[in-house]
Amino acid sequence: MKYKINQNIVLIGFMGAGKTCIGRRLARRLKLPFEDTDSFIEKKEQCSIRQIFETHGEEYFRDLETELLLELKKSNQLRILSTGGGLPMREQNRLLLREIGHVVYLQAYKDTIIQRLAGDTSRPLLQGEELAIKVDKLLAIRAPFYEATAHTIISTDGKTIDEVTQIIIDRMISGEEVENENLSSERTQSEFPWN
Ligand code: S3P
């Protein structure tokens, strides 16, 4: 079935929530380009996110994120945009994200995130301290900001990439806004490795 979307879809959420996997699948289904804020920044700076953090620090990286959103706001290209997990923490960025497109928050439980990110060395904010403690702390701080930014909220736990992709398409087509699926600790873990 062919679907036509008339606005950008912007995916937000914690590291490991599946933004890249789902973004790519969504882009393929909708025949739109897939882009990712981290990749844009790495290309512009000619080095990895990890190196940017090491060399210039987090604030420098956050400024690059804001600069990029300002650029994307000017663009007429329709796209699926995946965003770095910390990007919605700035108020200016939250406003820009909502101006750029329909913002979808991909929600995932702490345990799902920890499982997906185990062994990851590319994300500077998760190095050092024990992963579970780090995720727990950051997620508690960030979840309200993700919720406040999103037009639509989708729980990804226990769902396949295809299922989440279809839910996003259905919501875009029905024009439903801010659907926050009830979170329950009873829900099963996602049965597919996404990363
Ligand atoms: C970050 C998330 C990363 C990347 C950087 C910082 C964060 O992106 O932007 O390591 O602060 O949560 P992903 O969410 O795509 O992993």
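No value in this document is a laboratory result; all are computed from the given coordinates. It should be emphasised that the depicted structure is a prediction, and the values quoted were computed from it without experimental measurement. Positions of Cβ are backbone-derived with ideal geometry, glycine not excepted, and every protein chain shown enters the neighbour counts.
Remarks
- Using a cutoff of 8 angstrom between alpha carbon atoms and counting only pairs six or more residues apart, the relative contact order for region 1-83 works out to 52 percent.
- Once the Cα-Cα distance is subtracted from the 0.36 nm per residue extended length, the Arg98 to Ile141 segment shows a gain of 13.5 nm.
- Expected 222 nm ellipticity per residue - DSSP helices of 4 or more, -39500 (n - 2.57), all of the chain, to 500: -15500 deg cm²/dmol
- Between Leu70, Leu106, Leu26, the residue with the greatest mean-square fluctuation in the GNM of the chain (Cα pairs under 10 Å linked by springs) is Leu70.
- Loop-resident trypsin sites (Lys or Arg not before Pro) (DSSP state other than H, G, I, E or B) in region 11-90 with no more than 14 further Cβ atoms inside 10 Å of their Cβ: Lys31.
- Relative contact order computed over region 36-136 (Cα-Cα under 8 Å; 6+ residues apart), in percent: 29 percent
- Separation of alpha-carbon centers, region 71-97 and region 23-44, rounded to whole Å: 12 Å
- When DSSP beta bridges are restricted to pairs lying wholly in the chain, around 0% turn out antiparallel.
- The chain, relative contact order in percent, only Cα pairs under 8 angstrom and at least six apart counted: 30 percent
- For the pair Arg50 and Glu129, label points projected 7 Å from Cα toward Cβ lie 2.0 nm apart.
- Amide H contacts of Leu11 (H built 1.01 Å from N, under 5 Å, at least 5 apart or other chain): Leu81, Ser82, Thr83, Val104
- Largest-first ellipsoid semi-axes for the chain, taking √(5λ) over the Cα gyration tensor eigenvalues, angstrom: 24, 22, 15
- Efficiency of FRET from Cβ geometry, Lys4 and Lys43, R₀ 25 Å, rounded to 0.05: 0.30
- Under Karplus coefficients 6.51, -1.76 and 1.60, residue-wise ³J(HN,Hα) of region 22-28 in Hz, glycine/proline x: 6, x, 5, 5, 4, 4, 5
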